[in-house]
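I have placed the structure first, in the form of structure tokens, so that the comments after it can refer back to it.
The values are calculated or read from the model by the stated rules, or taken from the named source; none is laboratory data. Computed from a predicted model, the values in this text were never measured in an experiment. All Cβ positions, glycine included, derive from the backbone under ideal geometry; neighbour counts span all protein chains shown. The protein model used for the area step is the full one, side chains on, heavy atoms only, and it has no ligands, DNA or RNA in it. Shrake-Rupley method; radii C 1.70, N 1.55, O 1.52, S 1.80 Å.
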Amino acid sequence: MSVLDTKNLSPRLLSFITALIISTVNALLSLVFRPEWYVPLIVFAITFIIIYYLYHYTLQRFIYRKIKLIYKFIYQTKATKKEEFFYEKILPQKSIDQVSIDVERWATQKKDEIDLLRANEQFRKEFLSNLAHELRTPIFSIQGYVDTLLGGALEDPAVNKKFLANASRSVERLARLVDDLDEISKLESGRIPIIQETFVMQDLVKEVYEEMQLRAEEKDVTLDLKKGTERPITVNADKPKIRQVLTNLVENAIKYGPEHATVTTGVYEIDGKHVFTEVSDEGPGIGEEHLPRIFERFYRADRSRSRAIGGTGLGLAIVKHIVEAHGQTVNVRSKLGVGSSFGFTLEKAE
Ligand SMILES: Nc1ncnc2c1ncn2[C@@H]1O[C@H](COP(=O)(O)OP(=O)(O)OP(=O)(O)O)[C@@H](O)[C@H]1O
Ligand SMILES: [Mg+2]
């Protein structure tokens with residue numbers, strides 16, 4: 001580092017250089033008035049000492065007072081006893097470089113906080129606009145059918161029943177949306193506790209399969225347990241909530257998969273402490289670009305198709321919430337044209 005690298009001059013060096021320059025000039029000037037050889041020397045020495053100490057002292061005071069202000073500002077506190085100690089004993093030991101590192105660290109931390117807030121804000125905006133959109137669709141549809149019926153279709157036996165049935169389906173959809181939203185908001189606020197019990201995972205899978213049997217038959221879909229994973233495995237979890245998780249996953253597997261396909265659920269013991277359950281289908285798969293967001297509320301991989309199939313896009317968000325409320329994780333593997341597998345872990349029961 002060159003001496004004249006003014007960016008990193010320490011207060012000491014700065015005082016030294018300043019004192020040197022001023023005292024040299026003074027000494028030279030004194031030569032003009034007194035030709036004796038020792039006068040410039042004395043003038044030099046005296047000026048140097050005075051300037052050096054005065055300058056150094058003022059600089060220190062000035063700099064540290066400013067720095068103290070900065071510290072006070074970034075910690076936004078009134079000085080407590082401990083901080084008084086800090087300002088008096090520790091701060092003066094800190095080099096300007098250290099101070100600048102501290103300030104930079106503070107700035108990064110603030111920036112992260114702001115980024116997080118921004119992301120949340122963005123999320124909230126998206127959520128509201130999605131919600132409005134989801135509500136609008138069934139409401140418009142109901143409105144349309146009711147208006148048509150009132151406008152005369154009511155007397156037309158060819159369509160009146162059908163229009164009413166359509167309107168009723170939209171009402172159902174609205175009701176389901178509200179139920180799902182309610183469920184999610186309860187899960188998010190942590191208002192519903194997880195009530196652990198011990199049960200055999202395969203039994204629950206079979207129960208869910210039975211409930212979904214009708215839906216499956218409509219598409220001639222076979223619901224199967226993965227070969228080799230039939231040996232009963234017991235888990236510790238909230239059974240009704242895990243039933244909901246399985247229902248949502250199996251429902252998706254049937255809904256998005258083709259006809260005459262098979263949905264397979266495997267239950268695996270991993271690392272002696274956890275149980276991994278995975279629902280696989282032979283459906284269209286999900287594009288890689290969608291995978292990271294698939295568990296978000298209202299997110300749909302294939303907007304038009306998914307909506308035509310008729311979902312609210314909350315199923316997987318609920319799955320994720322429930323599993324995470326258990327302190328466990330969900331994951332998805334999928335390949336376009338091959339199929340998707342949704343899995344989650346649970347605590348194994350002893
Ligand atoms: N097994 C699957 N195969 C292909 N795509 C899937 C599968 N499961 C989910 N998806 C995609 O993920 C999206 C989100 O699924 P999610 O279950 O959250 O919502 P949904 O099924 O549209 O509505 P809901 O479950 O609330 O009725 C779906 O719209 C679909 O695009
Ligand atoms: Mg779904």
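Couple of notes before you dig in:
- Degrees separating the helix 201-218 axis from the principal Cα axis of the chain, which is the longest one: 60 degrees
- Sequence-distant aspartates and glutamates (8 or more away, or on other chains) whose Cα lies within less than 17 Å of Lys320: Asp179, Asp180, Asp182, Glu183, Glu188, Asp238, Glu251, Glu278, Glu296, Glu347
- Accessible area per residue for region 197-348 is 46 Å², calculated with a 1.4 Å probe on protein heavy atoms, without ligands, DNA or RNA.
- Protection proxy ranking, peptides 25-32, 327-334, average beta carbon neighbours within 10 Å, highest first: 327-334, 25-32
- Take 229-237, 55-63, 339-347 and order them by the average number of nearby Cβ atoms within 10 Å per residue, most first; the result is 339-347, 229-237, 55-63.
- Here the extension length gained between Val171 and Val39 equals 37.1 nm, from 0.36 nm per residue of separation less the Cα-Cα distance.
- Å³ per residue enclosed by the Cα convex hull of the chain: 284 Å³
- Taking only protein heavy atoms and a 1.4 Å probe, the accessible area of region 127-189 is 61% carbon and sulfur.
- From its DSSP helices (H runs of at least four residues, each -39,500 (n - 2.57)), the chain gives a residue-normalised ellipticity at 222 nm of -20500 deg cm²/dmol.
- The length gained on full extension between Glu347 and Ala132, counted as 0.36 nm times the residue separation minus their Cα-Cα distance, comes to 73.6 nm.
- Full extension of the chain between Ile21 and Glu188 yields a length gain of 53.2 nm, computed as 0.36 nm times the residue separation minus the alpha carbon distance.
- Spacing of the modelled spin labels on Asp97 and Leu13, each 7 Å from Cα toward Cβ, amounts to 1.0 nm.
- Legend: distances between Cα atoms for Lys219/Lys239; Lys66/Lys89; Lys125/Lys255; Lys82/Lys111; Lys206/Lys255; Lys239/Lys348; pairs beyond 25 Å are Lys219/Lys239; Lys125/Lys255; Lys82/Lys111.
- Surface composition of region 197-348: carbon and sulfur atoms hold 49% of the protein heavy-atom accessible area at a 1.4 Å probe.
- Angle in degrees between helix 11-33 and the longest Cα principal axis of the chain, rounded to the nearest 10: 30 degrees
- At a probe radius of 1.4 angstrom, the accessible area of region 127-189 per residue rounds to 64 square angstrom.
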